[in-house]
Amino acid sequence: MTENFADNYANNFERTPGGAILMDGNRLRDEIVAQLNTEISGGLDVCLATVLVGDDKPSRIYVNNKHRKATEAGMVSRHVELGADATQAEVEAAVSDLAADPGVHGILVQLPLPDGLDADAVLEHLPPEKDVDGLTQRSMGALVRGQQGHVPCTPLGVMRLLERYDVATSGKKAVVIGRSTLVGLPQVLLLGRKGVDATPTLAHSRTDDLASVCREADIVVAAAGMAGLVTADFVKPGAAVLDVGISRSESGIVGDVDFDSVESVAGAVTPMPGGTGRMTIACLLQNTLAASRMLAAK
Ligand code: NAD
């Protein structure tokens, strides 16, 4: 165990069989949803709208989970659904309608869209206040510049887990595997932010000797979508390892992290499922409450 986790001895967090702290996304999500419910049931009106295009099964599950948790948080939710044959203009019109609706505070367009649709062009119909997924050019620009705006939910969820489990970040080395605009790039920006003060490295499919790059790190965030990519030999003893990747196998959902080998080397690790994915939803709901406040202050 390194000094990264000194505070955790006092906090008595749950441990894996090998002794790592289990960064429990279910638990933290439930705490956040309960906190949101307390704030919202005090008399706030908060509405999350989702847009689902096509019949991708996992996307439907994700959207249903978001509605379920939004309701638990005391929010109203709306759902707009279009067929897989919807045109670009129809999808953009659906998003524009929600954007113009004063009763809607946050809008989530479930990605990926079916082949042939331009997701970036769709997202640009979102006003920044309602872009609760933080994926438009303006939200991304605000993140780069350190200005107010919504931060993408998955990397924000990783940051919430690091905070909740007292993982030290200041002066620490971090490696983020994957350079997408959805996860990897914003994750690097968040880890390197003033106040967080980690020193992040962005690794990707062309990174030479990924295992030794990761072994240098105090924090590893795996977002490649390659099942079992991160094994024990990638992990510095005591490091925090957060698994974002999702692959589907016959035995169910599998992460990028080979949990069974990593948990005996790491100081803290997320389960998959039950880790970062839960935090994505929690952060979406936090962003939606923030959206309603931003719109009310306009
Ligand atoms: P993406 O396909 O856009 O990006 C994957 C990145 O991983 C690329 O930058 C690529 O260079 C890198 N990569 C691929 N193989 C690699 C390898 N062998 N070594 C090093 N780098 C490699 O995917 P994305 O949208 O960023 O999502 C990444 C993963 O996270 C996917 O599995 C996705 O399903 C999952 N995801 C999970 C959540 C969640 O809530 N937990 C949210 C979003 C995405």
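The values are calculated or read from the model by the stated rules, or taken from the named source; none is laboratory data. Computed from a prediction, not measured in an experiment: that's the story for all the values here. A quick note on method: Cβ atoms are made from the backbone with ideal geometry, for glycine too, and the neighbour counts reach across all protein chains shown. Accessible surface areas use protein heavy atoms only, side chains included; no ligands, DNA or RNA. Shrake-Rupley method; radii C 1.70, N 1.55, O 1.52, S 1.80 Å.
Legend note: in the chain, cysteines whose Cβ sits 4.7 Å or more from every other cysteine Cβ are C47, C214.
Rg/Rh for segment 1-124 stands at 1.12; both radii use Cα atoms, and Rh follows the Kirkwood definition. Per-atom-type breakdown for segment 130-271 gives carbon and sulfur 49% of the accessible area (1.4 Å probe, protein chains only). Of the residues V91, G141, A224, the one whose Cα sits farthest toward the positive end of the charge dipole of the chain, with +1 on the Cβ of Lys and Arg and -1 on the Cβ of Asp and Glu, is G141. Label separation (D101 vs R293): 2.4 nm, computed from points 7 Å beyond Cα along the C-beta direction. So which of K172/K194; K66/K130; K66/K298 end up more than 20 Å apart, counting from Cα to Cα? From the list (K172/K194; K66/K130; K66/K298), the Cα-Cα distance tops 20 Å for K66/K298. The distance separating the Cα centre of segment 201-262 from that of segment 128-180 comes to 19 Å.
Calculated [222 nm] ellipticity per residue, helices only, for the chain: -11500 deg cm²/dmol; basis is -39500 (n - 2.57) per DSSP H run with n ≥ 4, divided by all residues, nearest 500. What shape does segment 68-109 take by its C-alpha gyration tensor, where a ≥ b ≥ c are the square roots of the eigenvalues and a/c under 1.5 counts as rounded, a/b above b/c as prolate, and the rest as oblate? The shape class here is oblate.
Projecting the Cα atoms of T154, Y165, A211 onto the charge dipole of segment 145-298, computed from C-beta unit charges around the Cα centre, puts T154 farthest toward the positive end. If I fit a long axis through the Cα atoms of helix 25-40 and take the longest principal axis of the Cα atoms of the chain, what angle between them do I get, 0 to 90°, rounded to 10? Computed tilt is about 40 degrees. Rolling a 1.4 Å probe over the protein heavy atoms gives the chain an accessible area of 44 Å² per residue. Looking at segment 9-158, the DSSP beta bridges with both ends there are about 10 percent antiparallel. Cα centroid separation, segment 281-298 to segment 100-117: 16 Å. In units of the rule-of-thumb radius 2.2 N^0.38 Å, segment 96-192 shows an alpha carbon radius of gyration of 1.19. Across the chain, where is the longest run that never hits GluC sites (Glu not before Pro) in a DSSP loop with at most 16 other C-beta atoms within 10 Å? In short, 15-123. A simple charge model with +1 on the Cβ of Lys and Arg, -1 on the Cβ of Asp and Glu and nothing else charged puts the dipole of segment 55-210 at about 900 debye relative to its Cα centre. Approximating the spin labels as points 7 Å out from Cα along Cα→Cβ, the E250-to-M226 distance works out to 2.4 nm. Take the convex hull of the alpha carbons in segment 161-273; its mean projected area over all directions comes to 6.6 nm². Would you kindly give the portion of the calculated P(r) for segment 217-263 that falls above 16 Å, as a percent of all Cα pairs? When every Cα pair of segment 217-263 is considered, 30 percent fall beyond 16 Å. For segment 203-261, the set of trypsin sites (Lys or Arg not before Pro) satisfying both a DSSP loop assignment and a count of at most 13 other C-beta atoms within 10 Å is given as R206. Principal-axis analysis of the Cα atoms of the chain puts helix 57-72 at an angle of about 80° to the longest axis. A straight chain from R206 to E163 at 0.36 nm per residue would run longer than the Cα-Cα distance by 12.4 nm.
DSSP assigns beta bridges within the chain; of those with both partners inside it, close to 10 percent run antiparallel. Average projection, convex hull of the Cα set of the chain: 15.4 square nanometres. Counting charges near T136 (Lys, Arg +1; Asp, Glu -1) among other residues having Cβ under 9 Å from its Cβ returns a value of -3. In this Cβ point-charge picture (+1 for Lys and Arg, -1 for Asp and Glu), segment 20-137 has a dipole of about 560 debye about its Cα centre.
In a fully extended conformation the segment linking S170 and Q88 would gain 25.1 nm over its present Cα-Cα distance, using 0.36 nm per residue.
Using only side-chain charges placed at the Cβ, +1 for Lys and Arg and -1 for Asp and Glu, the dipole size of the chain relative to its Cα centre rounds to 660 debye. Working from Cα positions, state the angle (0 to 90°, nearest 10) between the long axis of helix 88-100 and the longest principal axis of the chain. Tilt relative to the chain: about 90 degrees.
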